[in-house]
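Engineer: Dropping the structure in here first, questions after.
The values are calculated or read from the model by the stated rules, or taken from the named source; none is laboratory data. Since this is a predicted model, take the numbers as computed values, not measurements. No Cβ is skipped: glycine too gets one built from the backbone with ideal geometry, and neighbour counts run over all protein chains shown.
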Amino acid sequence: MNMSDKFYSILVFVFALILVSTGAYAQQSPFEQLKQKFENGQLFEADFTHRYVDSYTQDTVENSGEIWVGKEQYKVDSPTQLVAINGELSKVYDSDRNRVIISTYIPEEDDFAPSRILNGIDSTYTIEQQQKQGDQYVITLHSDDPFALFESVRITLNNNFIPQEIFVRDPADNLITTTFSGGSFIDRSEGIFELEYPSDAEIIDMRN
């Protein structure tokens, strides 16, 4: 998995955690309000900037693009790569190579798949705290599982329960921050998780 793929997978992983994390909070808490939007079939769409800081070298890598996340599907559009998972097929367009790779989507083989997490693979995260800070809500998720991808995840929402930022620290103390702009929840529309690519792109169909 290259760095770009890792960035996108982390984004999807964190959104999937929203659907499985538990905590002793009122039904209408900020976290439950956010979770219910996904449960109701809505999709989150936003522009994002993803920033990775290496704990040892302090080298920083940034990626940006657009993201759409549903309960079992997702799509990420960046300057060099477009990834679309519609629940049945995985399609990845690499603009540098003008190539599309199509394969049957198998959630069990995708460590970051929302449906895989929903089935309990990473349901060890619980809500540690929810705080109102100014006009934002800050939610912290925590896992005591020594094999968890992250020890803690911090999600910042605005007053309308729209994600503004996701911050995680991995086991090697690398810092990963994703900020969102123009974020909103929208109703599902036909074709939103389909892939658009140039007509002259090379097609590699892994289903054959």
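Engineer: Just one of (1) under 22 Å from GLY182 (Cβ atoms); (2) free of Cβ contacts under 8 Å to residues at least 40 places away in the same chain; (3) not aliphatic (A, V, I, L, M) trips up GLN73, so point out which.
Structural biologist: Condition not satisfied by GLN73: (2).
Engineer: Checking the condition under 16 Å from the mean Cα position of the chain (by Cα), at pLDDT below 90 and within 19 Å of VAL76 (Cβ to Cβ), which residue from ILE155, ILE192 passes?
Structural biologist: On the way: ILE192 fails: under 16 Å from the mean Cα position of the chain (by Cα).
Exactly one residue qualifies, and that residue is ILE155.
Engineer: I need a count of the residues in segment 191-208 that are touching a strand residue (DSSP E or B) at 6+ places or on another chain (Cβ under 8 Å) and of a type in the set (Gly, Ala, Ser).
Structural biologist: 1
Engineer: Could you list, in sequence order, the residues of segment 150-208 that are among the aliphatic types (A, V, I, L, M) and assigned to a loop (DSSP other than H, G, I, E, B)?
Structural biologist: Hits for segment 150-208 are ILE162, ALA172, ILE192, LEU195, ALA201, MET206.
Engineer: Tell me whether segment 126-134 contains one or more residues that are closer than 16 Å to GLN33 by Cβ, surrounded by 14 or more Cβ atoms within 10 Å (Cβ to Cβ) and not small (Gly, Ala, Ser).
Structural biologist: yes
Engineer: Next up: Count, please, the residues in segment 163-192 that happen to be under 28 Å from GLU88 (Cα atoms), among the hydrophobic types (A, V, I, L, M, F, W, C) and in contact with a Leu (Cβ under 9 Å, 6 or more places away or on another chain). Break it down stepwise before answering.
Structural biologist: Step one: list which residues in segment 163-192 are under 28 Å from GLU88 (Cα atoms), which gives 163, 166, 178, 180, 183-192.
Now drop any that are not among the hydrophobic types (A, V, I, L, M, F, W, C), which leaves 166, 180, 185-186, 192.
The next check asks that each one be in contact with a Leu (Cβ under 9 Å, 6 or more places away or on another chain); those that pass are 166, 185-186, 192.
Residues flagged as under 28 Å from GLU88 (Cα atoms), among the hydrophobic types (A, V, I, L, M, F, W, C) and in contact with a Leu (Cβ under 9 Å, 6 or more places away or on another chain) within segment 163-192 amount to 4.
Engineer: Against the condition hydroxyl-bearing (Ser, Thr, Tyr) and either modelled with pLDDT under 85 or more than 20 Å from the chain's Cα centre (by Cα) (or both), how does SER181 come out, does it pass? Walk me through it before giving the result.
Structural biologist: Values: hydroxyl-bearing (Ser, Thr, Tyr): yes; either modelled with pLDDT under 85 or more than 20 Å from the chain's Cα centre (by Cα) (or both): no.
Here the answer is no, as SER181 does not meet what is asked.
Engineer: Oh, and also: Pick from segment 160-195 the residues that are of a type in the set (S, T, N, Q) and free of Cβ contacts under 8 Å to residues at least 60 places away in the same chain: which of them is nearest to ASN86 (Cα to Cα)?
Structural biologist: The initial filter retains those residues of segment 160-195 that are of a type in the set (S, T, N, Q), namely 160, 164, 174, 177-179, 181, 184, 189.
Remaining after also requiring free of Cβ contacts under 8 Å to residues at least 60 places away in the same chain: 160, 164, 189.
On the way: ASN160: 27, GLN164: 25, SER189: 12 Å.
Going through the qualifying residues, I end up with SER189.
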